[in-house]
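Visitor: Take this structure first; my questions come after.
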Amino acid sequence: MLRLLLLFAGLCAAAEDPLVRAVPGWGTWRKRAEPVLAGQYGIAGDPSVVRDGTVLRMAFSGFDPAKQGPMVCIASSRDGLAWVEDDTGDALVRGRLLRPGTGPWEDTHETPFLLRHDGRWLLWFLGYRERGGWLKSLPGGIGVATAGADRRFAAPQQQPVLAPVPGGFDGDTMTSPTVVRHQGRFWMVYAGHRWVSGDPATRGSRLLLASSADGVRWERAARPLLEGAALPAFCTRGFLAEPELVIGPDRRFWLFATATQGERGHCLALARAARLEGPWEFAPQPIVVPGPGFDAREVVAPSVLIEDGRVRLWYAGFREDNKAIAIGYAEAAWPLR
């Protein structure tokens, strides 16, 4: 009886712990109370973490004080918890990975995705011409830059590899590419945005799919990956954004994404499917939610590795006053139960 009482007390404590969130069938997720990377200027978001031997590399959206806007940086870590920006030779911004203004279509970079493949690095990102704010700077496209083993990225392509299609679901811009290798091809899921153009009844963000043989020339799928009735009930605004696609050890596709909740603050949703085209099954509750602390306003933009019997998740957390963005960490045991 004592053992049962102690077990019950432990379960109650876990249920009341704001840093622990149990979603039956989808894992028990434990957040760290403090961010793992706060950024040189109090801005660090959109993490993209990849394993590089015994080291983890993270591309992320940092802050350029000269331009007063985002830019892509890189940091490294041995354990995924203590991160240090790489020395990339920039005197103003530690870890700056891409230089602004390297192409005629972009002078600002954010929402990076980093992938290592066949001895080289590929970095996809949102690029646009800064005109005084995100909506004022539309349209934006997805660009790609490549590097060898030294991670010194060449200038991006002179044109985006994916550009908005007028009237399409990405008619205004696209953000947050996530890429996997499957059946000898690259597969990208990204957030397509249409907020100021097109039919007002169809405005919003949707997860879109494209495939490529080389990571540069892409073919779009005809329809969104997910939308409408397929989304979980807690996604009250009916949109997903900032996806992370992972092929698990079980060979299923696992999709982590930002779920929009309006005034309640965004949270992280999780879905799984045997095939990329679905059908997708969603966890009935968010796996990571805001607060308290550095992510009290909202949590967005997951990046995930499944390794060593753990699902390791990095995300961007917004402070309550919305004046700081930092990268947080959560994990659950694998397989998810």
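Visitor: Could you check PRO232 against (1) within 23 Å of TRP314 (Cα to Cα); (2) modelled with pLDDT of 90 or more; (3) of a type outside the set (Ser, Thr, Tyr); (4) touching a strand residue (DSSP E or B) at 6+ places or on another chain (Cβ under 6 Å) and say which number it fails?
Guide: All conditions are met except number (2).
Visitor: Sticking with this one: Output the residue which, of all residues in region 104-154 that are touching a helix residue (DSSP H, G or I) at 6+ places or on another chain (Cβ under 9 Å) and free of Cβ contacts under 8 Å to residues at least 40 places away in the same chain, is farthest from LEU56 (Cα to Cα).
Guide: So, considering only residues that are touching a helix residue (DSSP H, G or I) at 6+ places or on another chain (Cβ under 9 Å) and free of Cβ contacts under 8 Å to residues at least 40 places away in the same chain, the one farthest from LEU56 (Cα to Cα) is ARG131.
Visitor: Could I ask something else about it? Of all the strands (runs of 3 or more DSSP E) wholly in region 23-91, which have at least 1 residues that are aliphatic (A, V, I, L, M)?
Guide: Once the strands (runs of 3 or more DSSP E) in region 23-91 are filtered for at least 1 residues that are aliphatic (A, V, I, L, M), what remains is 45-52, 55-64, 69-77.
Visitor: Now, a different point. How many residues are under 17 Å from SER303 (Cβ atoms) and either out of contact with any Phe, Trp or Tyr (no Cβ under 7 Å at 6 or more places or on another chain) or at pLDDT 95 or above (or both) if we restrict to region 44-77?
Guide: 23
Visitor: Test of understanding: among LEU126, LEU162, LEU114, which residue is at pLDDT 90 or above, buried (at least 16 other Cβ atoms within 10 Å of the Cβ), in contact with a Leu (Cβ under 8 Å, 6 or more places away or on another chain) and among the hydrophobic types (A, V, I, L, M, F, W, C)?
Guide: Testing whether each residue is at pLDDT 90 or above, buried (at least 16 other Cβ atoms within 10 Å of the Cβ), in contact with a Leu (Cβ under 8 Å, 6 or more places away or on another chain) and among the hydrophobic types (A, V, I, L, M, F, W, C) leaves just LEU114.
Visitor: Take region 240-262 and flag every residue that is of a type outside the set (Gly, Ala, Ser), over 20 Å from VAL311 (Cβ atoms) and either assigned to a strand (DSSP E or B) or under 15 Å from the mean Cα position of the chain (by Cα) (or both).
Guide: THR260
The values are calculated or read from the model by the stated rules, or taken from the named source; none is laboratory data. Computed from a predicted model, the values in this text were never measured in an experiment. In this analysis, Cβ positions are derived from the backbone assuming ideal geometry, glycine residues included, and neighbour counts consider all displayed protein chains.
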